[in-house]
Each structure stands twice: as structure tokens, then as C-alpha cells.
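Below you'll find the structure, written out as C-alpha cells, and then a few comments.
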Amino acid sequence: MGGPVGKLGCAYSMTPPDARLGGEAFWLDVADGCLAVERVGQGPAVLLLHGWTLDRRMWTMQARALATRFTLIAIDRRGFGQSTAAPDRAREVDDLARLADQLNLASVHLVGMSQAGATAMQFAQHHRDRVATLVLQGISLAGIPDHANASDRIPLADYADMVRNDQLDAMKRHWADHALMAGLEAESARIGAAMLADYDGRDLLAGPAGPSARLDEVAALPMPVLAMTGCADTPWRRDVTRAIARTAPLGQARFIRDAGHLCNLSHPVEFNAALSAFLARPLQPVPDAIND
């Protein structure tokens, strides 16, 4: 891992984060710590936000395939990966604004995966002029009933107790068997296992993660929105994906065949094709998009 950041802060650290996507890695100073950021490629900027217990390595397959057409910017969110800033979902929107300012990004394509979908939506609401398109991958939404008997419930309170009682390894074993972590094989399984191995439970000890985004907020999004997940994701996540497509004024949905929640990692060829098509022509239907 990259060396520790001293008391003088990120700007004075001589040791950058490890480059995990083959790009340029650097620290973003957010006052109470540092966020590890990596930039790779050339072209329009695509800002990538990872999900819970993960880090920016989840975008490995996208960095390989899309860097010739896009500048991919992946961040380790507060409490995850190499970032040292304290977990605080309420501050993540400000973190993204700071990053966009530092990189002089007038506009970005924004991708929020799972837990980070709420942050992506909040940023899109508060900085509408800076978000060209919004991609929401496998996110949760308050206000969508789960008719499959809590098909993807995450026992966060139980997990927090386990971490407090020095049972982090047991907590991670339990989470690794959850439906939302299923479907990884070969290299994608190795990447997933490496991310989970490095997860340290900081966010669980910090308290509740914060509310999910709400369906009524989707209706106020003015930019083109692509909701995407795998056909084998949980029934509720698929319902949420369809609801986003129906509710966003410029919304559509795409389901990746045979893939689960981590579809960008398990089925990168189809995911990358759908993402590229949307970013290139966001007002045109993505091939095989479902808008019902």
C-alpha cells in the first residue's frame, strides 16, 4: 500500500497512493484526511464511485477497456480502500465537488454503484450543471416495495456488532456469501476477494450509513439517466432499476445478461458496451434497453 500520510496533510505527502488501475494515483485533501484517487485514459471525464466494502479496484475491467475513449477517474470513498478520511456519507458530495474543482472538470459523466448511488444522485441534484449524464448501477431506493421478502437485506447492525467484537473476519465471510456478492469467477473473483480482504469495517463503527436516495428525487433529475444492473441481481434491485427508468424524465434501463449485482466486474464486455453506447449517445436507447 502507499505510505501513510503525515500530520501535514495530503498536499505534503511525498508518497502517492498505489496505482491500482494502471493510471496516475494521487491524494485528494478533504481536511479531515485524504481520499485516494486514480485517473487513467483520455477523453471525456467519467467519475466512478464504488459500492460498499469495495474500492476503486472494482473498475479494473473498465479501466482496461475504456481508457482509449474516456478519462476514467476512480475514487476510494471515505472509509474504504486507501483513503484515510473518516467515513461520512453526508460529506461525500462535497468531496466530489472538491475533486472536480481540483481537476478543473466543468462537466463529468457520473457513475454510482450500489451504496454510492445515493451520493451520485445527491451530487447530480446539487450540481446539475456539472453532470452530463448519470449512471446508477444496482442502487437502492427508498419507496420501492420489496415483494421478494427482503431479497437483499444487509444485516448492517449485526455486522457492526461483529466488528465491535473483533469478529471482522467472520463478518466478511458472511458478507462474501450474500446474494449481492455472488457471480464472480476467475479474475473477477480474485479482485473481489482482494477488495474484501482489505475492508476494515471503519464505516460500520462510524454509525448508520445514511438514508438511501428516494424515488421522488429521481423525477427531478434533468440529465440523461441510465439505470443498470444484472439480470441475476436480486428481484428488488431489478425493480428499482425499472423504477428509475420509468421515473427519470430522460431515463432508461439496461440489464446485463447472466450477471448479478457486480455486473461491471463479472461481465465487463457487455457492461462496457452498454456504458460506452450511453455515454456516446445518451439520448438514444442503449441496445436491448428495457424502458417498461
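The values are calculated or read from the model by the stated rules, or taken from the named source; none is laboratory data. Computed from a prediction, not measured in an experiment: that's the story for all the values here. In this analysis, Cβ positions are derived from the backbone assuming ideal geometry, glycine residues included, and neighbour counts consider all displayed protein chains. To get the accessible areas, we keep the full protein, side chains included, count just its heavy atoms, and leave off ligands, DNA and RNA. Shrake-Rupley method; radii C 1.70, N 1.55, O 1.52, S 1.80 Å.
Of note:
- Carbon-plus-sulfur accessible fraction, the range 171-292 (probe radius 1.4 Å, protein heavy atoms only): 56%.
- Computed E for A31/Q125 - FRET, C-beta separation, R0 35 angstrom, nearest 0.05: 0.90
- Computed extension length for D146-Q102: 11.8 nm, one decimal, from 0.36 nm per residue of separation with the Cα-Cα distance subtracted.
- Per residue, the chain exposes 42 Å² of accessible surface when a 1.4 Å probe is rolled over the protein heavy atoms with every protein chain present.
- Taking a point 7 Å out from the Cα of N272 in the direction of its Cβ, the residues of the range 183-200 whose backbone N falls within less than 15 Å of it are 187-188.
- Computed P(r) (all Cα pairs; the chain; 10 Å bins; percent): 6, 30, 39, 21, 4, 0
- When you restrict to C-alpha pairs under 8 Å that are six or more residues apart and normalise by the size of the chain, the relative contact order lands at 16 percent.
- Remark: the chain carries a charge dipole of roughly 540 debye about the Cα centre, counting +1 on each Lys and Arg Cβ and -1 on each Asp and Glu Cβ.
- With Cα atoms defining each centre, the range 239-275 and the range 166-190 are spaced 22 Å apart in the structure.
- Scalar couplings 3J(HN,Hα) for the range 37-47, obtained by applying the Karplus form with A = 6.51, B = -1.76, C = 1.60 to θ = phi - 60°, are 10, 9, 10, 9, x, 8, x, x, 7, 10, 9 Hz; x denotes Gly and Pro.
- In the range 229-292, inverting the average of 1/r over every pair of distinct C-alpha atoms gives 11.7 Å as the Kirkwood radius.
- Area of E187 that stays accessible when all protein chains are in place (1.4 Å probe, Å², to 10): 60
- Cβ-placed point charges (K, R +1; D, E -1), dipole of the range 167-292 about Cα centre in debye, nearest 20: 260
- The heavy atoms of R238 present about 60 square angstrom of accessible area, all protein chains included, probe 1.4 Å.
- Per-residue [θ]222 nm for the chain (sum of -39500 (n - 2.57) over DSSP H runs n ≥ 4, rounded to 500): -9500 deg cm²/dmol
- 18 Å tail of the calculated P(r), the range 209-259, as % of Cα pairs: 32
- Mean separation of Cα pairs under 8 Å and 6 or more residues apart, divided by the residue count, gives the range 86-200 a relative contact order of 18 percent.
- In this simple spin-label approximation, D94 and R69 carry label points 7 Å from Cα along the Cα→Cβ vector, and these lie 3.7 nm apart.
- Close amide-amide hydrogen proximity is noted between D18 and G2, each under 5 Å apart and 5 or more residues distant or on a separate chain (H modeled in the peptide plane; Pro and chain starts excluded).
- Dipole of the range 107-182 [Lys/Arg +1, Asp/Glu -1 at C-beta], most positive-end residue of G112, S140, H178: G112
- Interatomic Cα distance distribution for the range 154-292, bins of 10 angstrom, percent: 11, 33, 32, 20, 3, 0
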